[in-house]
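The structure appears below as structure tokens.
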Amino acid sequence: MASGDLHSLLVTTVVRVDPDQPDPRELAAAGAALREGRLVAFPTETVYGLGAHALSPEAVTAVFAAKARPMGNPLIVHVTDRAGAAEIAELTPLADRLIDRFWPGPLTLVLTAREPVPEATRGGLSTVAVRAPAHPVADALLTVAGVPVAAPSANASGRPSPTTAAHVLADLAGQVDVVVDGGPCRFGVESTVVDARGNVPSVLREGVVTREQLPDVAADGEAHRSPGSRFQHYAPRCEVVIAPAGDAPARAGQLARQGHAVGLIAPQPAPASVRTLATPQDAAALGAVLYDALREAETSGLDVVVVAAVAELGVGRAVMDRLRRAAAG
Ligand code: TXA
Ligand code: MG
């Protein structure tokens, strides 16, 4: 590393907390760090977030720098409840209904931003994305911090999202003040992002809350994608091959015979020459293990990972979206 970079490196502190009943006293320093404009990574029910004071342009700019994230890609602001959302966004009748039904939970609402939200948080748009996470640690941290917290996934831009504190440290050690370790994330797939300004929700990013669960979803087109979908995403440092479900083990075996170091993520066990990374039995289980398995593949030096496709129904839609992006990287 060039010596000129040294001043920008921090000592990252890791705070372990009980995932189900975190002690607010153990989160006091992390909450103060957020209030003071420093960066704190924390678990949510979807993936780990890289948090910063959402109303501080300096703090938010530091998030973009730590992740090397393009400035035009806006951040999701995390709040504890409807009142917290109403301080930063214009709530609509549709937003009220969705909040009643899905919060706290993995549904992000895009709404017209209110005055205090800085341009950097909005990525230059007139809207702001807001969600109340359903993770006891995220909720306790937001309560202790007492400020809205902008948090993208806590990976370096373009990498698989982090589902453990170890993943966060692999990408961002030295770039973040505190990592709150609350164990592995439950879903492993990000929140669903919907535009809730109109009368019906329009899906901007597929996620844990499915189209089937949402009321009267608007017909979707390429024009209505979140800005983030323009950028390369979720790519590990090895090749990802998507195979039809039943064919995945045979395809993995064939690649191994050609001399590749191959891993398999499929419901069935791998042939002898192939490393079994995970054996998820359905789309939700694949979502929960996918990012971790891709990171394990790269740390164990594999050059190809074969993943068995799942049906694009329910959460399978979001999982296949992430998988295709990982394969495109
Ligand atoms: O589950 C999640 O959503 C996680 C956890 C930490 O909450 N966060 C997350 O953030 O995935 P990020 O930054 O990795 O993805 C946010 C997505 C991006 O595609 C971004 O473009 C979109 O939400 N987004 C944010 N603000 C938006 C806005 N105002 N309008 C449209 N899309 C927006
Ligand atoms: Mg992300």
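Throughout, read-outs are computed from the coordinates displayed, never taken from laboratory work. Not measured: the values here are computed from a predicted model. Cβ placement follows ideal geometry from the backbone for every residue including glycine, while neighbour counts extend to all protein chains displayed.
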Provide the gained length on full extension for the span D23 to D282, in nm with one decimal, where the gain is 0.36 nm per separating residue minus the Cα-Cα distance. 89.8 nm
Shape call for the chain, from the Cα gyration tensor axes a ≥ b ≥ c (a/c under 1.5 means rounded, otherwise prolate when a/b beats b/c, else oblate), comes out oblate
Taking H placed 1.01 Å from N in the peptide plane, check which residues at least 5 places from G158 or on another chain put their amide H under 5 Å from its amide H. Y234
In the chain, what percentage of the DSSP-assigned beta bridges are antiparallel, given to the nearest 5? 40
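Tally Lys/Arg at +1 and Asp/Glu at -1 over every other residue whose Cβ is under 13 Å from the Cβ of I76; what's the total?
On the way: positive: R69, R122, R131, R205; negative: E190.
Net local charge, I76 excluded: +3.
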Just to be sure I understand the model, the point goes 7 Å from the Cα along the line to the Cβ. What's the resulting E90 to Q213 distance in nm? 2.9
Simple spin-label estimate for D100 and Q268 in nanometres, 7 Å along Cα-Cβ: 4.9
Roughly how many whole Å is it from the C-alpha centroid of the range 43-110 to that of the range 268-301? 30
So the angle from the long Cα axis of helix 283-299 to the longest Cα principal axis of the chain, reported in degrees to the nearest 10, equals 80
Just grab the label-to-label distance for S229 and A327, each label 7 Å out from Cα along the Cβ direction, in nm (one decimal). 1.8
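Fewest to most neighbouring Cβ within 10 Å: what's the order for E115, E212?
Values: E115 6, E212 10.
Ascending number of Cβ neighbours within 10 Å: E115, E212.
Over the range 1-120, what per residue volume does the convex hull of the Cα atoms give, in whole Å³? Kindly include the intermediate steps, with their values, before the conclusion.
Numbers: hull volume 16.4 nm³, N = 120.
Hull volume over Cα atoms, normalised by residue count, gives 136 Å³.
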Which of F231, F102 comes first, and how do the rest follow, when ranked by fewest Cβ neighbours within 10 Å? F231, F102
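Starting with the fewest neighbours, write out S153, S191 ranked by other beta-carbon atoms found within 10 Å of each beta-carbon.
In increasing order of surrounding Cβ atoms, one gets S191, S153.
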